[in-house]
1. For the chain, with a Gaussian network of springs between Cα atoms less than 10 Å apart, report the residue from Ser65, Ser25, Ser106 with the top mean-square fluctuation.
2. Going Cα to Cα from Lys78, which lysines come in below 16 Å? Please leave out same-chain ones fewer than 8 positions away.
3. May I ask for the angle, rounded to the nearest 10°, between helix 5-51 and the longest principal axis of the chain, with both axes built from Cα atoms and the value confined to 0 to 90°?
4. To make sure I understand the rule: partners must be lysines, Cα under 16 Å from the Cα of Lys102, and not fewer than 8 residues away in the same chain. Which ones qualify?
5. Take Ile113 and Ile10, extend 7 Å from each Cα along the Cα→Cβ direction, and tell me the distance between the two endpoints in nm.
6. Report, in debye and to the nearest 20, how large the dipole of the chain comes out about its Cα centre when Lys and Arg carry +1 and Asp and Glu carry -1 on their Cβ.
7. How large is the direction-averaged shadow of the alpha-carbon convex hull of the chain, in nm²?
8. Ignoring the sites themselves, what is the longest stretch of the chain with no trypsin sites (Lys or Arg not before Pro) in a DSSP loop and at most 15 other beta-carbon atoms within 10 Å?
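Every number here is computed from the coordinates shown, using simple stated rules; none is lab data. All values derive from a computational prediction rather than experimental measurement. A quick note on method: Cβ atoms are made from the backbone with ideal geometry, for glycine too, and the neighbour counts reach across all protein chains shown.
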Amino acid sequence: MKNNKGQALIEFVLILPVIILLLFSFLDLGRIILENSKLEGVSNEVISLYQKNSDNDEIESYLASIGYKNINVDITDKGSITTIIITKDVDLMTPGINRIIKDPYSVKVERTINNEE
């Protein structure tokens with residue numbers, strides 16, 4: 001009669017790195033989705049501040065004062081249309097994932113508004 005106890009241990013040791021990689025990948029994906037939803041909410045604040053004639057520095061300092069740090073705001077005014085791009089970098093924690101996607105991953109939300117004259 002054969003003893004298969006060692007076989008189960010070897011299989012577990014072989015599959016454990018794959019399970020850990022998947023776990024950290026799902027956590028990174030969740031963090032990216034969370035940052036994207038935060039930026040979606042921040043975009044309404046940025047639009048209202050822009051419509052009150054605030055510039056980029058005032059908007060970024062206001063966002064930092066309410067707890068949103070390291071957020072970049074780029075406002076491009078092209079006559080009747082204004083494009084607001086809000087970006088934030090998310091540092092990934094999954095080892096080796098930088099071979100697939102860029103680390104840090106840049107989350108971007110873009111809004112286009114019409115300038116009412």
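1. Ser65
2. none
3. Taking the Cα atoms of the chain, the angle to 5-51 is about 10 degrees.
4. Hits, sequence-local ones excluded: Lys88.
5. Those two pseudo-labels are separated by 6.5 nm.
6. Values: 12 positive and 17 negative charges, 194 e Å.
In total the dipole reaches around 940 debye.
7. Values: hull surface 40.8 nm².
Mean projected area for the chain: 10.2 nm², to one decimal.
8. On the way: sites that count: Lys2, Lys52, Lys69, Lys102.
Here the longest segment lacking exposed loop sites spans 3-51.
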